[in-house]
Amino acid sequence: MAQEVVNSDEVVLGEEIDHVRLITLNRPRHLNVISSKVVSLLAEYLEKWEKDDKAELVIIKGSGRAFSAGGDLKMFYDGRNSKDSCLEVAYRMYWLGYHIHTYKKTQVALVHGISMGGGASLMVPMKFSVVTEKTVFATPEASIGFHTDCGFSYILSHLPGHLGEFFALTGARLNGKELVAAGLATHFVPLEKLSDLEKRLISLNSGDENAVKAGIEEFAVEVQPDEQSVLNKQSIIDECFSKDTVAEIIKSFEAESTKEGNGWIGPVLKGLKRSSPTGLRITLRSIREGRKQTLPESLKKEFRLTINILRAIISEDVYEGIRALTIDKDNAPKWNPPSLDNVGDEKIDQVFQPFEEDLELQIPEKEEHRWDGKYENSPYASLKVAD
């Protein structure tokens, strides 16, 4: 088979092997976090291959010990004093998210290690997503003053009951077995067999969904969540996380934590109480809106939220959260406002305000123009040049 490999020093590698296309996220020392360059290369490859009749199967994997730890937090932090320095990468990522969800070729994600936040948006929407005993998933954005993004306000809100609110607000982690049980991954394959599966998929040399599924199932094993999994606590989760407000959710969760057999709640509750009050309130509303929205509507909303949060229009919590977690690493953020009582409804309303139509995320409505709406054709690109 003819094999074309792109520059191995690049942050995203693209290989063309007859009818198979292989993407490798290639920032292993940085847990394959998603930078502006990563997003641009992913979009370039995926558009090229969707339009290439010879390309039938797209496989994506991470190098090193992670799939992807999500957005590059240092990039956001370093840009805090430059207006809209991260607008381009946010626009490109959410625009790309729509195309990943609606991709026309068969996709397989081979996911070991960390798959969090935006990184997981390269896993969950795929036709096939394969996880292992080393896979760790979470959406911890609310804890640092951000919000559940990259399509997850839509994805999580469509989980059974109120699991969406639970995962978004607490950042609770799921392992490979739990991801399959929750429907966030399709197959569980032991890590020792993952490279053999990759070779098998490449040798199939086809995007036929039935053939790809059968190929994966040769290596997959049936799994169930452990007895103590949060997925087995859904009645408690639904009782608490169905409440109207974050404050009521916490109060209800506290009451449950005192009951016999609910020791698991303590650490989760502690994390919830330490999270950014602003981030929690924005996230709860976003998840609940996501339940009634289409995917494009959710992505447009998430773009607005991201830009308004990064512009710090009501709070600088996101930068304080990143500082405490990854810059100074003191894990002692000083939130402003410091408590849920101080985060007014009118402030939250501001973050959700729609932009002027041409400044919204442009998601194409017609199939024949599905790769339109790119950042470089938006007013933001010309505004950037003017600056």
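The values are calculated or read from the model by the stated rules, or taken from the named source; none is laboratory data. Computed from a prediction, not measured in an experiment: that's the story for all the values here. With ideal geometry, Cβ positions are generated from the backbone for all residues, glycine too; neighbour counts draw on all protein chains shown. We work out accessible area using only protein heavy atoms, side chains counted, and drop any ligands, DNA or RNA first. Shrake-Rupley method; radii C 1.70, N 1.55, O 1.52, S 1.80 Å.
The strands (runs of 3 or more DSSP E) found entirely in segment 82-183 that carry 1 or more residues being of a type outside the set (D, E, K, R), in contact (Cβ under 8 Å) with a residue 60 or more places away in the chain and within 30 Å of Ser235 (Cβ to Cβ) are 106-111, 114-116. Of the numbered criteria (1) buried (at least 24 other Cβ atoms within 10 Å of the Cβ); (2) at pLDDT below 95; (3) among the charged types (D, E, K, R), the one Asp149 fails is (2).
Of all positions in segment 318-326, at least one carries a residue that is among the hydroxyl-bearing types (Ser, Thr, Tyr) and closer than 23 Å to Ser82 by Cβ. Restricting segment 250-265 to residues that are assigned to a loop (DSSP other than H, G, I, E, B) and not small (Gly, Ala, Ser) leaves a set whose member that is most open to solvent (accessible area, probe 1.4 Å) is Glu260.
For (1) at pLDDT 95 or above; (2) farther than 26 Å from Leu169 by Cα; (3) not charged (D, E, K, R), each residue gets a yes or a no:
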{"residue": "Glu44", "(1), (2), (3)": "yes, yes, no"}
{"residue": "Lys54", "(1), (2), (3)": "yes, yes, no"}
{"residue": "Ser63", "(1), (2), (3)": "yes, yes, yes"}
{"residue": "Gly70", "(1), (2), (3)": "yes, no, yes"}
{"residue": "Phe76", "(1), (2), (3)": "yes, no, yes"}
{"residue": "Met93", "(1), (2), (3)": "yes, no, yes"}
{"residue": "Leu110", "(1), (2), (3)": "yes, yes, yes"}
{"residue": "Val130", "(1), (2), (3)": "yes, no, yes"}
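Taking only segment 359-380 into account, find how many residues are part of a helix (DSSP H, G or I), without any contact (Cβ under 8 Å) to a residue 24 or more places away in the chain and open to solvent by less than 80 Å² (accessible area, probe 1.4 Å). Spell out how you get there, then give the answer.
Taking segment 359-380 as the starting set, the residues that turn out to be part of a helix (DSSP H, G or I) are 359, 367-369, 375-377, 379-380.
Those left that are additionally without any contact (Cβ under 8 Å) to a residue 24 or more places away in the chain: 359, 367-369, 376-377, 379.
After this cut, where a residue has to be open to solvent by less than 80 Å² (accessible area, probe 1.4 Å) as well, the list is 359, 379.
Matching residues across segment 359-380 total 2.
Consider segment 156-183. How many of its residues are touching a helix residue (DSSP H, G or I) at 6+ places or on another chain (Cβ under 8 Å) and within 24 Å of Leu73 (Cα to Cα)? Residues flagged as touching a helix residue (DSSP H, G or I) at 6+ places or on another chain (Cβ under 8 Å) and within 24 Å of Leu73 (Cα to Cα) within segment 156-183 amount to 11. Could you please find all residues in segment 121-146 being hydroxyl-bearing (Ser, Thr, Tyr) and either surrounded by fewer than 22 Cβ atoms within 10 Å (Cβ to Cβ) or over 13 Å from the mean Cα position of the chain (by Cα) (or both)? Across segment 121-146, the qualifying residues are Ser129, Thr132, Thr135, Ser143.
Checking the stated criteria, Gly14 turns out not to satisfy the condition of being part of a loop (DSSP other than H, G, I, E, B) and closer than 30 Å to Glu133 by Cβ.
Taking the listed residues Tyr98, Tyr94, Tyr77, Tyr103, the one that is surrounded by 16 or more Cβ atoms within 10 Å (Cβ to Cβ), more than 22 Å from Leu310 (Cβ to Cβ) and among the hydroxyl-bearing types (Ser, Thr, Tyr) is Tyr103, with no other qualifying.
Filtering segment 285-337 to residues that are closer than 25 Å to Asp244 by Cβ, under 16 Å from the mean Cα position of the chain (by Cα) and aliphatic (A, V, I, L, M) leaves Ile287, Leu305. Check whether at least one residue in segment 202-225 is part of a loop (DSSP other than H, G, I, E, B), at positive phi, open to solvent by 40 Å² or more (accessible area, probe 1.4 Å) and of a type outside the set (D, E, K, R), and report yes or no. No, there is no match, as no residue in segment 202-225 is part of a loop (DSSP other than H, G, I, E, B), at positive phi, open to solvent by 40 Å² or more (accessible area, probe 1.4 Å) and of a type outside the set (D, E, K, R).
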